[in-house]
Structures are given as C-alpha cells and as structure tokens.
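**Q** Take a look at the following structure, please.
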Amino acid sequence: MRLLRPLPIAWRMLIDKPSRFVLSGLAVAFSVVIMFMELGFFNGSNDSAANLPPHFACDLILSHREKNHLKTGEEFPFAWLLLARDAPGVAAAVPLYSGADYWWNPQDSSRNRVFLLGVNLPDPMFAPEVVAAHRAALELPGTVIYDRLSRHELGEITVGTTTTLGLMGVKVVGLFELGPNFAYEGHMLTSADNFCKLNGQPTDVVDLGLIRVKPGADVQAVRAALIRHLPPQALLLTPAEIQQREITYTTQHSPAGIVFGLGLVVGFAIGVIICYQILFNEVNDNLPQFATLKAMGHSPRFISGIVFHEAMLMAVIGFIPGALLGSGIYHLLESTTQIQMFLTPGRLLLIFVLTGGMCLIAGRLAIRKVHTTDPADLF
C-alpha cells in the first residue's frame, strides 16, 4: 500500500540511535502511565459512586425530586409508598432507608464514616440474595451485614465481630461485597427497624422507595400511572437511569470527578509536549536525509508520512510498556485504597487512541520544520 511506503524509512530513522530510541519509548510510556492513572481514578470515582444501582432488584426507584444523588439526605413521607401501591401495574413498593454514620474500629477504637442501608426484610429489593441468607439474624436488634471490601481502617472484621456504630453496639452477622468510595470507607446492611433505631430516623420518613411492577406490565406505562398518583415533588427513575445520574453527578459536580477529569486532559497535554520534543529532535537530526528525499523528488505528502509513521511507531512502542506498568499500578492502588479500577478493553482502547492522538498532534507540529527547510541551504 502507498500509505505504508514511508514506514521502513520512519523505522530506520527511529532506531538509528538505539539509546535515544529507548529513551523516547520510555518518555511516551511515562505519558501513557499518567493518562492511565488519571483515567483510573476518574473511572474509579465514577464506578464507586455508582456502586449501589447494580444491587437494586426492582423496576423503578422513587425519591424526592431534590435528591440529586443517592447519598444525599432528602427524604419523603411513607405515604408516597402507600399511594404508589395503589397505582395500576404496581406489584410491590417497599422503603429503603439510608444514611451515614460512624463505625468504631474494634481493634484501635478509631472511627470512620460508613454508609448504612436499612432494607425491608420481607421483600428487600436491594441485594435480595444477601439479605435472604441472613434474614433471621437481621431480625435481631443491633445486627448488620458488613461490606468485606471496606477499607482496612475499619478494622479486621469477621462474622461475630462486635463494635459500635453511631451510638449503639452492633454485631456483624454476615458479609457482602460492595466497596468504598471517596466519601465513605465502607457500607453496611441492616433491617429497616435496626436502621431507624441506629440512625434515630422515624419509620415514616423514607429515603428511597423500591417499586416492582406486575409481571408483563410495561415499566414506562406504570411510571406514567405513578406520576399521576404521586405529588409533583416525586421522582421516578429506573436503576439504569439512577446509575447514569450518579456517574454524571460525580463527573460534573464531585471534586474528585472534576479533578481527575482535568488530570486526564493535563496528562494528554504533557504527552503532546514530550512527543513533540522527541519528534522535533528526530526531525532536526535527520534534516539532511529529509532534504535528500526532497531533492530526489519525493512529494511533501511522502515526507509528512515519514514523520507521522514515526509518531505512530512511538505511540505503539510507548503504549505497550505504559499499559503493562499502568495495569500493575492499578492493582497496587486497588489493594491500598480498595477503590476498584476496572481496566476494561474499552478503557484500554481509549488510552491507545489518546496515545496515538497525542503523537499525531506532536507529529503535525514537528513536520513544519521539514517543510520550511530548503535543501539548497543544507548542501
């Protein structure tokens, strides 16, 4: 292919000086690692902020319209759930209580903020398999299910551990997996009755309503019927819509999401600068060769192709060690922060595209040096 004709020349120019070639690859890899870290923290903050919706086993979630994300405190009266139960197509509507409290580490007595969820035991609609497995134990006062992915600051917790949550003593009767986020060190599950006693919240004040529609009913039609039954302050969203809202809120309003998003942009800009410096030096050192190619009659497009192929070769050479190192750092950060950083194929592809983009931009800037050089000035 004509498009690949400049590739052998570009490769020979890159490897002409092995030490520079290695340093160039490491420099690009450094930029790749920066982008991996910023994207990892950015996605980690989003994923951890939206870790509740995948555990909902319901069709619709009822909340106050001013509750702009799941972990704010805007509640609504239990009477809204009674209205929801009377709407056509609704099979069940149960409360889910939620709120923050302090957990005392049973080993060193330090305290950390955790997020507590109070589920309806007969029909939880949140992590139903976990709750069903420990339902009898959760009916006892002061019992909780502990998030085994919580940060180490909460202590070494096993089934049977006793400690203090808020102002009351609690006993761990089971374990489940959810994970912390940048606001809370971990999560706990308990019964609705236990939650209200621990948190001091009246049972007729509800944080979320979980709604299941009747078999065969259309969710959107039921939502329309619910909107007619409920006050205008009520908001109804599906679990998927809730998850997207959590991510959007974290990205646009959370300091962590904004900082890491800007960090990704800064990492990309740093990569452009590094690649430009490398390519500029490559072009500057090989000006006689470029001038010879010009004098031989090669077109400006062919000359540009050499630089752009150098840029893409640098992207590939830098991406491979950068991705391997980034993956290792992901695992290290996961083990120390307990924030899950999922390195999915889509995210790998995104970093590769960004790496190629920064190298091509740098190549576009460096190519001007070649095109403004007159072969006659060099010989």
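Read-outs throughout are calculated quantities, based only on the coordinates presented, and are distinct from any laboratory measurement. Small disclaimer: the values here were computed from a predicted structure and weren't measured. Glycine also receives a Cβ, built like all others from the backbone with ideal geometry; neighbour counts cover every protein chain displayed.
**Q** Mind sorting D204, D47 by how few other Cβ atoms lie within 10 Å of their own Cβ, fewest first?
**A** Ordered from fewest to most neighbouring Cβ atoms within 10 Å, D204, D47 come out as D204, D47.
**Q** Calculate the translational D of the chain in whole µm² s⁻¹ from Stokes-Einstein, where the hydrodynamic radius comes from the Kirkwood formula applied to all Cα pairs, the temperature is 10 °C and the viscosity 1.306 mPa s.
**A** 65
**Q** Still on this structure, I have one more. Place a +1 charge on the Cβ of each Lys and Arg in region 101-247 and a -1 charge on the Cβ of each Asp and Glu, then give the dipole magnitude about the Cα centre in debye, rounded to the nearest 20.
**A** 280
**Q** Angle check, please: helix 345-371 long axis (alpha carbons) against the longest principal axis of the chain (alpha carbons), in degrees 0 to 90, nearest 10.
**A** The angle comes out at about 30 degrees.
**Q** Considering only DSSP beta bridges whose two residues both sit in the chain, what percent are antiparallel, to the nearest 5?
**A** Roughly 75 percent of the beta bridges in the chain run antiparallel, per DSSP.
**Q** Which distance in nm do the two modelled labels at R135 and H152 give, with both placed 7 Å along the Cα-to-Cβ direction?
**A** For R135 paired with H152, the spin-label model returns 3.8 nm.
**Q** Long-range amide H contacts for F126: which residues qualify at under 5 Å (H placed 1.01 Å from N, peptide plane, sequence gap of 5 or more or a different chain)?
**A** Hits under the 5 Å cutoff: A57.
**Q** Restricting to DSSP H runs of at least four residues, report the calculated mean residue ellipticity at 222 nm for the chain, -39500 (n - 2.57) per run over all residues, nearest 500 deg cm²/dmol.
**A** -17500 deg cm²/dmol
**Q** Average projected area of the Cα convex hull of region 127-281, in nm²?
**A** Answer in nm², one decimal: 15.4.
**Q** Go through region 139-173 and name the GluC sites (Glu not before Pro) that are in a DSSP coil and have 15 or fewer other Cβ atoms within 10 Å of their Cβ.
**A** Those that pass, being in a loop and sparsely packed, are E139, E156.
**Q** Hey, fewest Cβ within 10 Å first, where do M125, M296, M312 land in order?
**A** Going from sparsest to densest Cβ surroundings: M296, M312, M125.
**Q** Work from the charge dipole of region 60-237 (Cβ charges, +1 for Lys and Arg, -1 for Asp and Glu, about the Cα centre) and give the residue of L167, G179, P95 farthest towards its positive end.
**A** P95
**Q** Run the quick spin-label model on S109 and E66: label points 7 Å from Cα toward the beta carbon, then report their separation in nm to one decimal.
**A** If labels sit at S109 and E66, their model points lie 4.0 nm apart.
**Q** Using +1 on the beta carbon of Lys and Arg, -1 on that of Asp and Glu, and nothing else charged, what's the dipole of the chain about the Cα centre, debye to 20?
**A** 1200
**Q** Further, regarding this structure: At what distance in nm do the modelled label points of A79 and T164 sit from each other, each positioned 7 Å from its Cα along Cα→Cβ?
**A** Taking the two extended label points, one gets 3.9 nm.
**Q** Which of rounded, prolate, oblate describes region 1-118, given a ≥ b ≥ c as roots of the alpha-carbon gyration tensor eigenvalues and a/c under 1.5 marking rounded, otherwise prolate only if a/b is larger than b/c?
**A** oblate
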